Amino acid sequence: IPFDQDKTCEKQRDIVDLDKWVEHYRSYAEKGQCATYIPALEKINPSQLGVTMVGPDGKVLKSGECEVAFTLQSISKVISFIAACLDFGTPYVLDRVDVEPTGDAFNSIIRLEMHKPGRPFNPMINAGALTVASLLGGRSSLEKIESFLSLLEKMIGKRPAINEEVFLSEWQTAHRNRALAYYLKETGFLESTVEESLEVYLKQCSIEVNTEDIAMIGLVLAYDGFHPIRKEQIFSKEVARLTKALMVTCGMYNASGKFAANIGLPAKSGVSGGIMAAVPARVSAHNSPFPHGCGIGLYGPAIDEYGNSVAGSMLLKHIAREWDLNIF
Ligand code: DON
């Protein structure tokens, strides 16, 4: 078989595998449900499942509902953390938010009072993300969101839209987040007003993406801040490594330990059902269609008790096992 045809056969086999796995894991969505605490998310079809993998040479493998738009939700916490580090330097950010996992729910308030002076434990929980949102570069919420969007645009190559319905829906029901923001204001960790910080945080959560967009974010992280397709260093290796360490230890909330043990990839989830994972190049991944690493974006809106996509996590576990992507 001539070389090119050989490659085509390989690619077709990979897609056939991926399609088979997506169809198999789709039924696991029944074990979860769409986020009910955000009214706009409740009406989404829970049995959707899609995945996109993007390699450094631009090679793309995709399957299922990979083009469906969904909101970033907590995946945005990764981008705002990087944006804040770019705007103010890592030491400034880490003075205001720590890098320790909590083992508590993403919206928990308990540790803020238990550990003086109340510095949020990490930027992947809501207390930390509100703090980070409050210190993004810019004097108004509009400018802060702009700082977030321009970083995201560099990674995904387009300017995404904010889903106003999801934003309003969250804004009207954000009682816990408002409580967290007031507490952080009182302890001096919030650098903007409560309303401004909340607006920035909820708008970043309401940005619309698809699986390919978040796969691109994963790819840039896998390449330590370098965009291998655009050939541009977007953020430093140090910031990328810190972010990936936070993803491994805190990215899947209080299921991060289980996720590291069973799947073994730096990843970040959101309540709308997205999962973004960064896969470094691996010598042992010779059976993988991406031996030089890749970014993975998954979407499956039915989530478990921790806030992670049920079918998405299972599909990612299967992909990581079949193609030997576990970093440990
Ligand atoms: O803060 C919230 O309630 C949401 N907008 C984002 C939380 C989220 O995605 C948590 N996820 N798993």
> Name the residues in region 155-178 that are under 18 Å from the mean Cα position of the chain (by Cα) and open to solvent by 90 Å² or more (accessible area, probe 1.4 Å), would you?
Replying inline: ARG159
> Out of ALA40, ALA35, which single residue is open to solvent by less than 70 Å² (accessible area, probe 1.4 Å), over 17 Å from the mean Cα position of the chain (by Cα) and closer than 20 Å to VAL166 by Cα?
Replying inline: ALA40
> So is PHE148 within 11 Å of the ligand (Cβ to nearest atom), surrounded by 19 or more Cβ atoms within 10 Å (Cβ to Cβ) and closer than 26 Å to LEU219 by Cα or not?
Replying inline: no
> Exactly one of (1) within 15 Å of GLY295 (Cβ to Cβ); (2) in contact with a Ser or Thr (Cβ under 7 Å, 6 or more places away or on another chain); (3) surrounded by 24 or more Cβ atoms within 10 Å (Cβ to Cβ) is unmet by MET252. Its number?
Replying inline: (1)
> Would you pick out the residues in region 183-204 that are assigned to a helix (DSSP H, G or I) and away from the ligand (no atom under 15 Å from the Cβ)?
Replying inline: LYS185, GLU186, GLU195, GLU196
> Only one residue in VAL51, VAL16 is within 30 Å of ASN287 (Cβ to Cβ) and free of Cβ contacts under 8 Å to residues at least 12 places away in the same chain. Which one?
Replying inline: VAL16
>> Quick check on LEU180: is it farther than 26 Å from GLY312 by Cα, within 16 Å of the ligand (Cβ to nearest atom) and not acidic (Asp, Glu)?
In response: yes
>> Just to check your reading of the model, which residue among ASN326, ASN287, ASN210 is more than 15 Å from the ligand (Cβ to nearest atom), surrounded by fewer than 17 Cβ atoms within 10 Å (Cβ to Cβ) and touching a residue at least 12 places away in the same chain (Cβ under 8 Å)?
In response: ASN287
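The values are calculated or read from the model by the stated rules, or taken from the named source; none is laboratory data. Since the model is a prediction, treat every value here as computed from it, not as a measurement. Here the Cβ is made from the backbone with ideal geometry for all residues, glycine too, and neighbour counts use every protein chain on show. Heads up: the accessible areas ignore ligands, DNA and RNA and are worked out on the full protein's heavy atoms, side chains in. Shrake-Rupley method; radii C 1.70, N 1.55, O 1.52, S 1.80 Å.
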